[in-house]
Amino acid sequence: MNWLVTWLMLATVLMLLAWGMLRRERIYQFPFLVGVITFAFILPQIPGLADDRFLPEGGYAKTIAFTIVCLAMCWLGWSSNARPFSFFRWDFREKRLLMASFFFSVTGAFFYYKLSRLPGDVTVGVQMSGAPVAYLFFARFMNYGMAIAVLCFARRYSWTAAFIIGVDLIFYFDRIVVTGKRAEAVELVMMFALAFWFYRGWVVPRTIMLGGVLAGTLLMNSMSDYRTITRANSSPAWQDIAQINVAANFDDLLKSGGPEMRNAIWRIHHTEETFDFDYGKFHWNRLIFNYVPAQLVGSKIKESLMMEMPAAARDYDPLTGTTETGMADAFQSFWYLGALKFLLLAYVMSRLWASAKSGEMSAQLVYIFSIVPAIHAISHQTDWVLTVWVHMLIFLLPTLAWCRNRAPDIHPYYSRMAHSLAFGASR
């Protein structure tokens, strides 16, 4: 039974990848990218667990079957004919956008600098708390500045936008290289790829995309070694990094199994045994954790705002730095119906894509910042994208409202494709 569901899982992932290969723009869409992260992060972890006698009986087959259902929901929820969201229909003034980009970039760069001055043992591969969390929270501003500048530059070449991009890239590369952040690296690539797709129709060749997927699959599972080295030295020690045996690490993962899927198996097994669900309280608690600062309101008040969660299992202790996957928290919330979380997420992402593709610059920004946390709903937790949306609602939305051009359209038949150029022409 275990190997049957394993092969079914492989077939499901390959179908998602094949679906993305049929049309060139699909490589930027949610179902294909879900297939990518599952192929690179989840699949290599499961062969070594299929015959693990120390896992709970039936736990492996149950978890893999539920994962297959979640992946199917990611495809079923996506609609190629989705309607754009009407509330994204804003025109913008390019001059104000670039001013906002500069402000976001300077503010975010300051906090990235503060974060980079901290020792590696409190910022690399650990659960951060205190000042590092605050620095990282506001360092996110630089991502907004970078994305706005890239979209402006993709629409119309500008020295101002190019300067902002150049400076921001220095901080981006420092963050990626020093801390080995895969999410930031993927977000940076997607930022440029999507901007030039939206405005110039450029697309990454599918052969290069597949090559990147294979290379990423091989390299991803050596990131813990990379982070161990950078944490110890507070910077990359290239001589030590060159000694990392990538092939041996990948082979060991295939034989021994991965910690994330092992965590998911135990968590889902425990939920199935106790039948104790959180019914979505997990998401509320994560928002309180991320947006209510204990330094200001006190830890007691913060804890009082959180809802009581089901008791954690006592028979396993997840390794620090590992995740339990989004499948585990979805199952914890609504049993097998938790797969509907992925259906809803795919539906929202399809409408965001439709809005961005129709030329709405605000929707393009939201899609750029949503796609990476959305696909991490598979590998990490389902709350990541919601946390990002709340951050954008608090900080990015008021800024975009200031940049908005409220002048009436000069032509009553102003097309949606022409609308995509409006923010560059309205100065």
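With Rh defined as the Kirkwood radius, the inverse of the mean 1/r over Cα pairs, the Rg/Rh of the stretch 1-81 is 1.03. With every protein chain in place and a 1.4 angstrom probe, the accessible-area ranking of D51, D168, D276, largest first, reads D51, D276, D168.
May I ask you to rank S116, S224, S355 by accessible area, largest first, using a 1.4 Å probe over the protein chains only? Walk me through the intermediate numbers first.
Details: S116 45, S224 75, S355 0 Å².
Largest accessible area first, the list is S224, S116, S355.
Protein heavy-atom surface of the stretch 283-349, 1.4 angstrom probe: 65% of the accessible area is carbon and sulfur, with nucleic acids and ligands not counted. Mark the label point 7 Å from the Cα of V204 along Cα→Cβ and return the residues of the stretch 9-32 whose backbone N is within less than 15 Å of it. It comes to 17, 20-21, 24-32, nothing else.
Return the equivalent ellipsoid semi-axes of the stretch 348-388 as a descending list in whole Å, where each equals the square root of 5 times an eigenvalue of the C-alpha gyration tensor. Write down the numbers at each step before the final one.
On the way: eigenvalues 84, 16, 9 Å².
Result for the stretch 348-388: semi-axes of 20, 9, 7 Å.
For Kirkwood radius over Cα pairs in Å, computed directly from the structure shown, the correct entry in (i) 21.7; (ii) 24.6; (iii) 22.8 is (iii). Accessible surface ranking for K95, K341, K281, 1.4 angstrom probe, highest first: K95, K281, K341.
A simple spin-label model places pseudo-atoms 7 Å from Cα toward Cβ; at R156 and L344 they are separated by 4.1 nm.
For F92, the residues 5 or more places off, or on other chains, whose built amide H falls under 5 Å of its own are N405, F423. The residues neighbouring L210, those whose beta-carbon lies less than 14 Å from its own, together hold a net charge of +3 under the Lys/Arg +1, Asp/Glu -1 convention. Surface exposure of the chain, expressed per residue as accessible area with a 1.4 Å probe, stands at 48 Å².
Taking label positions 7 Å along the Cα-Cβ direction at both W19 and K114, the computed distance is 4.3 nm, reported to one decimal. Full extension of the chain between Y336 and D317 gives 4.5 nm of extra length, using 0.36 nm per residue less the Cα-Cα distance.
Note: relative contact order over the chain, using C-alpha pairs below 8 Å and six or more positions apart, is 28 percent. Spin-label pair M306-R53: with each label point 7 Å from Cα along the Cα-Cβ axis, the two points sit 3.9 nm from one another. Reachable lysines from K341, Cα under 20 Å, same-chain residues fewer than 8 places away excluded? Partners found: K62, K281.
The values are calculated or read from the model by the stated rules, or taken from the named source; none is laboratory data. On a predicted model such as this, the values are computed, not experimentally measured, just so you know. Neighbour counts run over all protein chains shown; Cβ positions are idealised from the backbone, glycine included. What goes into the accessible areas is simple: the full protein's heavy atoms, side chains included, and nothing from ligands, DNA or RNA. Shrake-Rupley method; radii C 1.70, N 1.55, O 1.52, S 1.80 Å.
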